[in-house]
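Novice: Can you keep this structure in mind? I'll have questions shortly.
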Amino acid sequence: MKKLKLKNRSYKVLVANYKEWLDILGFAESSVYTFPNYLQEFFYYLEQHNINNIDYINREIVKQYYKYLSERPNEKRGGGLSKSYLNSHQNALKRFKEYLQKHNAKNLPLHLKPERINRLEIINILTQEEIKELFKATQFSSEFERVQLRDKAMLVLLYSCGLRRNEAVTLNIKDVLFDKELLLVRKGKNYKERFVPINYYNIEILENYIYEARIQFKDYNQSEALLIGNYGTRLKGNTLANRLQQIIKATNNEEIIAKKITPHKLRHSIATHFLEAGMNIEDIKQFLGHSHLETTQIYTHLVKKL
């Protein structure tokens, strides 16, 4: 479906914004990847039928599109599309309909049942006290002190600096600008660079890790990566996620464990805490590296739910 290149700029923007919306609401990585592709296929179909504005979509067009999908051949295996694929495609459009409703846009006639679950209600945000528990739990998250200090540094990146998982693992030592109290995120979403402020307390945590713990890892001097594993190679995203689960387990707090916290939910947490503290939403947008303000505004809905 990536081969289906869109020409309509408004359609391209909608696909990009929809993807960010899914991402910020904590949908599974597979959904964040596939749902925008399904939406792109829908828009491509519209373009081929000279429909270049969502305001022109009507029931008959949607009906014809679903008919087209049911008859479209499977490009990989031959035959028709599986029921599972068709259901996933419809679910992607259902979420897109929800996205438009949240942004007071057109209510597409997608012939779908009303949503029974409001995604905003099931996003789990850690309280500031629970965040403190996570930091304290790093003292017990591993039998090795070097891993404990790395776990603590990892929390600084994911929560205090609000980095995405991929941004955290691609960070290099030289990207920590200690004298300016900034992090340089070189590989942000869509390869956009940004500076993230970091206070003295968190700088001290990173310094302790770099100068006391990192040098204890094998072949540490063979990599420029900030976070490294047991063999001196750059820490992988799944390892980072697994370490977070070990920290959560070390809290022995059933409420924290029940929230099923992921690296991305730490990012949700810091954004929500900023809003609660009265931080300007434009500043939060810059801090998180969002392309569009409407993506950041989703957090205003989260605060209202808390």
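The values are calculated or read from the model by the stated rules, or taken from the named source; none is laboratory data. What you see is a predicted model; the values in this text were computed from it and never measured. Don't worry about glycine lacking a Cβ; one is built from the backbone with ideal geometry, like all the others, and counts go over all protein chains shown.
Novice: Taking segment 16-30, which residues are surrounded by fewer than 20 Cβ atoms within 10 Å (Cβ to Cβ) and at pLDDT 85 or above?
Specialist: Of everything in segment 16-30, those that are surrounded by fewer than 20 Cβ atoms within 10 Å (Cβ to Cβ) and at pLDDT 85 or above turn out to be Ala16, Asn17.
Novice: Is there a residue in segment 209-216 that is within 25 Å of the chain's Cα centre (by Cα) and of a type in the set (A, V, I, L, M, F, W, C)?
Specialist: No, segment 209-216 has no match at all.
Novice: Can you give me the number of residues within segment 184-238 that are within 16 Å of Phe144 (Cβ to Cβ), of a type outside the set (D, E, K, R) and assigned to a helix (DSSP H, G or I)?
Specialist: The number of residues fulfilling the criteria is 6.
Novice: Just for helices (runs of 4 or more DSSP H) wholly inside segment 245-303: which have at least 3 residues that are at pLDDT 85 or above?
Specialist: 254-258, 263-276, 281-288
Novice: If you go through segment 146-183, how many residues are within 21 Å of His273 (Cβ to Cβ), of a type outside the set (Val, Ile, Thr) and not in a strand (DSSP E or B)?
Specialist: The qualifying residues number 17.
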